[in-house]
Amino acid sequence: MPRGEKSAYTDKQKRQAEHIEESEREQGRSKEDAERIAWATVNKQDGGGKKSGSGRAKPH
């Protein structure tokens, strides 16, 4: 998967990133900065794209 590819994210993660990006834009950030911050925040919260498997252990 090439860098910047967003297909590995769930719909919920995409909605979260969109909401964060809108909030950053309202605070006066550029489109590029707002998008970068939004996806970095989603990655930090969820650890990246889709995770499969019901028995996945959470990192401690």
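Quick note: the coordinates plus some simple rules give every number you see, no bench work behind them. On a predicted model such as this, the values are computed, not experimentally measured, just so you know. Backbone-built Cβ (ideal geometry, glycine too); neighbour counts: all protein chains shown.
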Quick one: length gained pulling Arg3 to Ser30 fully straight, 0.36 nm per residue minus the C-alpha distance?
7.7 nm
Taking a virtual spin label 7 Å from the Cα of Gln45 along the C-beta vector, which residues in the range 5-22 bring their backbone nitrogen under 15 Å of it?
9-22
Just rank Glu22, Glu35, fewest to most, by other beta-carbon atoms within 10 angstrom.
Glu22, Glu35
Please list 3J(HN,Hα) in residue order for the range 25-39, calculated via the Karplus relation 6.51 cos²θ - 1.76 cosθ + 1.60 where θ = phi - 60°; whole Hz, with x for glycine and proline.
5, 5, 7, x, 7, 5, 4, 5, 5, 4, 5, 4, 5, 4, 5
Under a cut-off of 17 Å between alpha-carbon atoms, report the aspartates and glutamates in cross-link reach of Lys6, not counting same-chain residues fewer than 8 places apart.
Glu18, Glu21, Glu32, Asp33, Glu35, Asp46
